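**Q** First the structure, which I've put down as structure tokens, then a few questions once you've had a look.
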Amino acid sequence: MISVTEKAYGKLNLLLDVHGLRDDGYHEMSMIMQSVDLCDDVTVTVSHEGNWICRCNLPNVPSGMENLALRAADVFFQAYGNRPAGVEVVIHKRIPMQGGMAGGSADAAAVLRGLNRIYDEPFSMEELAELGAAVGSDVPYCVINGTVLARGRGEILKPLPKLPDAVFVLVRPDFSVSTPELFRRLDSAPIEKHPDVESAVASLKQGDLTGLCNCIGNVFQPVLSAQYPVIDEICARLDFLGAKASALTGTGSVVFGVFDDAEIARKACAELEKIHTVFLTKNV
Ligand code: C5P
């Protein structure tokens, strides 16, 4: 029996653009992804006996093969062979669930990295990321983490210069969103404003946080705000409380504000947590 523990970092979409629906049902996208230190701890144990099971400190997390973490183990052993009788994944969850922060994908990626360590790194990080694409569109990114430009359905990754140090205030409104449903709604109306990915990349290359903040945006935000105006209201509140930028991450419902001053960020947290669930985190 052998165990390893990996950190599964949450992700934010600093920018998220959708270019259109593809023949395979996925959408062509451009995203600037950023990992944050709000993370799950994922311990994976392999053994010669037992079964495949996932345990979590929170309820309503699937314990069987419908959990992306066990699907990742399945994909790993399909490529590696040597499939063990027992695989146990224990997740200590902190990333808000169904919030657009890729928590499930991060856990799956942590399992891929953990198994790769257990078996003395048979796969490069690029190969692991490729394996991750079979589990979910955000999994390849979650294998490598950091500041990354993701294209295609999310699996074509280009690491970018590290985001200058920033503090993020995350606000989690009290509803969750169906990702396929939100994509369908996006398809039914023209996108009015696309975020400027090229300028954002240029700002990152110059280490210019302010320039980057001017480019932050997510095409899902107007669509989701039409149904839940609280999304735009939280962004306005974050901006008022000193955020350099604010936006929805992924398909939501988490909203983030970017701060360059930890004290101002803490004060914003204290204000917002009077009515919302709030997290304070930073880029990693
Ligand atoms: O790849 P994943 O299983 O995470 O995607 C979940 C759903 O999100 C897909 O079934 C699809 O409806 C939508 N999606 C998409 N285009 C992408 C990524 C996800 O339409 N690039």
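**Q** Could you list, in sequence order, all residues of segment 18-35 that are within 10 Å of the ligand (Cβ to nearest atom) and of a type in the set (Val, Ile, Thr)?
**A** VAL18
**Q** Looking at (1) without any contact (Cβ under 8 Å) to a residue 40 or more places away in the chain; (2) away from the ligand (no atom under 16 Å from the Cβ), which is the one condition that is false for ILE91?
**A** Among (1) without any contact (Cβ under 8 Å) to a residue 40 or more places away in the chain; (2) away from the ligand (no atom under 16 Å from the Cβ), ILE91 violates only (1).
**Q** Of all residues in segment 95-116, which are farther than 17 Å from ARG172 by Cα and open to solvent by less than 10 Å² (accessible area, probe 1.4 Å)?
**A** First pass over segment 95-116, keeping only residues farther than 17 Å from ARG172 by Cα: 105-116.
Residues satisfying the conditions are ALA106, ASP107, ALA108, ALA109, ALA110, VAL111, LEU112, GLY114, LEU115, ASN116.
**Q** Is there any pair linking a residue in segment 214-225 that is open to solvent by less than 30 Å² (accessible area, probe 1.4 Å) to one that is assigned to a helix (DSSP H, G or I) and among the hydroxyl-bearing types (Ser, Thr, Tyr), with Cβ under 9 Å and at least six apart or on different chains, and which?
**A** Cβ pairs passing all conditions: CYS215/SER199; CYS215/SER203.
**Q** How many of the residues making up segment 253-277 are within 16 Å of the ligand (Cβ to nearest atom) and either part of a helix (DSSP H, G or I) or modelled with pLDDT under 95 (or both)?
**A** Selection size over segment 253-277: 0.
**Q** If a residue counts only when it is farther than 20 Å from GLN98 by Cα and open to solvent by 50 Å² or more (accessible area, probe 1.4 Å), which helices (runs of 4 or more DSSP H) contained entirely in segment 117-202 have at least 3 such residues? Spell out the reasoning first.
**A** Details: elements: 125-133, 139-144, 179-187.
By residue number, 125-133.
**Q** So is SER188 more than 19 Å from the chain's Cα centre (by Cα) and either within 14 Å of the ligand (Cβ to nearest atom) or closer than 30 Å to ILE275 by Cα (or both) or not?
**A** Working: more than 19 Å from the chain's Cα centre (by Cα): yes; either within 14 Å of the ligand (Cβ to nearest atom) or closer than 30 Å to ILE275 by Cα (or both): yes.
Judged against the criteria, SER188 is a match.
**Q** Condition test on ASN145, is it more than 14 Å from the ligand (Cβ to nearest atom) and on the phi > 0 side of the Ramachandran plot?
**A** yes
**Q** Now for a different question. Tell me yes or no: at least one residue of segment 228-235 is assigned to a helix (DSSP H, G or I), over 26 Å from ILE95 (Cα atoms) and either open to solvent by less than 50 Å² (accessible area, probe 1.4 Å) or not aromatic (Phe, Trp, Tyr) (or both).
**A** No, segment 228-235 contains no residue that is assigned to a helix (DSSP H, G or I), over 26 Å from ILE95 (Cα atoms) and either open to solvent by less than 50 Å² (accessible area, probe 1.4 Å) or not aromatic (Phe, Trp, Tyr) (or both).
This table checks each residue for (1) under 23 Å from ALA245 (Cβ atoms); (2) of a type outside the set (Gly, Ala, Ser).
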site	(1), (2)
SER105	no, no
GLY154	yes, no
GLU181	no, yes
GLU192	yes, yes
VAL197	yes, yes
LEU212	yes, yes
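**Q** Please count how many residues of segment 238-284 are over 13 Å from LEU12 (Cβ atoms), under 23 Å from the mean Cα position of the chain (by Cα) and open to solvent by 50 Å² or more (accessible area, probe 1.4 Å).
**A** So the count comes out to 7.
**Q** Search segment 36-55 for residues being more than 14 Å from GLU88 (Cα to Cα) and of a type outside the set (Val, Ile, Thr), and hand back the single one that is nearest to the ligand (Cβ to nearest atom).
**A** Filtering segment 36-55 for residues more than 14 Å from GLU88 (Cα to Cα) gives 36-40.
Imposing the further condition that a residue be of a type outside the set (Val, Ile, Thr) reduces the set to 37-40.
Working: ASP37: 23, LEU38: 20, CYS39: 19, ASP40: 17 Å.
Filtering segment 36-55 for residues that are more than 14 Å from GLU88 (Cα to Cα) and of a type outside the set (Val, Ile, Thr), the one nearest to the ligand (Cβ to nearest atom) comes out as ASP40.
The values are calculated or read from the model by the stated rules, or taken from the named source; none is laboratory data. It should be emphasised that the depicted structure is a prediction, and the values quoted were computed from it without experimental measurement. Every residue, glycine as well, gets a Cβ built from its backbone with ideal geometry; the counts of neighbours run over all protein chains shown. We work out accessible area using only protein heavy atoms, side chains counted, and drop any ligands, DNA or RNA first. Shrake-Rupley method; radii C 1.70, N 1.55, O 1.52, S 1.80 Å.
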